[in-house]
Each structure stands twice: as structure tokens, then as C-alpha cells.
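Everything below concerns the one structure shown next.
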Amino acid sequence: MTPFQLKIVTPDGLAFDGQAEELIVRTTSGDLGILAGHMDCVAPLGMGRATIVIAGKKRYAACIGGMLSVIGGHVNLVPTTFEWAEDIDVKRAEASYDRAKQTLENKQSTDTEIRLAEARLKRALVRKSIGVMK
């Protein structure tokens, strides 16, 4: 496959800057695959798995929120949260999942607590599912 320039920048810093052959990310309207020569576009990121093919090998990451832009053959992924599968602490994700479930099951939780717990639950599920792909 023909490579393209991919840069992944998070609020924590540069996660990747180099050549990739394929990128698949979850946008707010579904999965989007990028190959070399992709038309210019900008898309808001959803919450899910990012699959990146680098030098013929697939790498996986949890990718949550942010933006994707493809301009002139350069692909910029600017997620709110991005964790490579090998960096995910599955036990921590499970603990976050359990805390969120407890909040959702608590009849005295406020609407705000419920919305925050639902978001935490979704993030934990994504992280758990990617973390086992090491």
C-alpha cells in the first residue's frame, strides 16, 4: 500500500508522526477509512477503536472525541483521548466501568451524575475492548 503522512496530536502531546498505510477511525457518523490519495475532508471523531497500519502491521488504539482532517494528502488526527492498546491499563478501565455502573444503579444519582456516568461507562468499554488487543 502507498503510505501517507499521519500526525496524531492529543492534549498530552504528539502520539505519532510518520508514514501510515491505512487509518480507520470512528467518526460521529460511523467508521471512516483513510488511504493515500483520500479526498480532503474534516470529520468530528466519535468514541471507538482506531486501527492504523504502519509498515504493514496493524496497531490499535482507543480514540475518543476530537477531529480528523485530511488536507493535501496530510492526515491529522486530533483526538481528545488517544491510547495505544499496549498502554491501556485494563484493570483501571474495569474499575472505572464498575464505578460508573454503581452510579447508574444508584436511585439517588442526579441527572448530571447519570450523564457523566454514562459517558464514563462508554469510555471504559472502549478502553477495555482495545486493551485486550495488545
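The values are calculated or read from the model by the stated rules, or taken from the named source; none is laboratory data. Small disclaimer: the values here were computed from a predicted structure and weren't measured. Cβ placement follows ideal geometry from the backbone for every residue including glycine, while neighbour counts extend to all protein chains displayed. Remember, those area values only see protein heavy atoms, side chains included, never the ligands or the DNA or RNA. Shrake-Rupley method; radii C 1.70, N 1.55, O 1.52, S 1.80 Å.
List of remarks:
- Looking only at the range 80-104, residues that are among the small types (Gly, Ala, Ser) and touching a residue at least 40 places away in the same chain (Cβ under 8 Å) come to 1 in all.
- Test: residue in the range 105-112 that is outside any loop (DSSP other than H, G, I, E, B), in contact with a helix residue (DSSP H, G or I) (Cβ under 9 Å, 6 or more places away or on another chain) and either among the small types (Gly, Ala, Ser) or without any contact (Cβ under 8 Å) to a residue 60 or more places away in the chain (or both): no
- Checked against the criterion of being over 19 Å from VAL132 (Cβ atoms), assigned to a strand (DSSP E or B) and open to solvent by less than 30 Å² (accessible area, probe 1.4 Å), the candidates LEU23, LEU14 yield just one match: LEU23.
- Check on ALA93, aliphatic (A, V, I, L, M), touching a helix residue (DSSP H, G or I) at 6+ places or on another chain (Cβ under 8 Å), open to solvent by less than 90 Å² (accessible area, probe 1.4 Å) and closer than 21 Å to MET1 by Cβ: no
- Members of the range 68-101 found to be touching a Leu at 6+ places or on another chain (Cβ under 6 Å) and aliphatic (A, V, I, L, M), listed by number: LEU68, VAL75, LEU77, ALA100
- Any hit, the range 67-83, residues being of a type in the set (S, T, N, Q), in contact with a Lys or Arg (Cβ under 6 Å, 6 or more places away or on another chain), at pLDDT 95 or above and closer than 15 Å to LEU23 by Cβ: yes
- Of the residues LEU45, LEU77, LEU32, the single one that is buried (at least 16 other Cβ atoms within 10 Å of the Cβ), in contact with a strand residue (DSSP E or B) (Cβ under 8 Å, 6 or more places away or on another chain) and in contact (Cβ under 8 Å) with a residue 60 or more places away in the chain is LEU77.
- For the range 96-126, filtered to residues that are of a type in the set (D, E, K, R) and in contact with a Ser or Thr (Cβ under 8 Å, 6 or more places away or on another chain), the residue that is surrounded by the most Cβ atoms within 10 Å (Cβ to Cβ) is ARG123.
- Test result for ALA36, of a type in the set (A, V, I, L, M) and in a loop (DSSP other than H, G, I, E, B): yes
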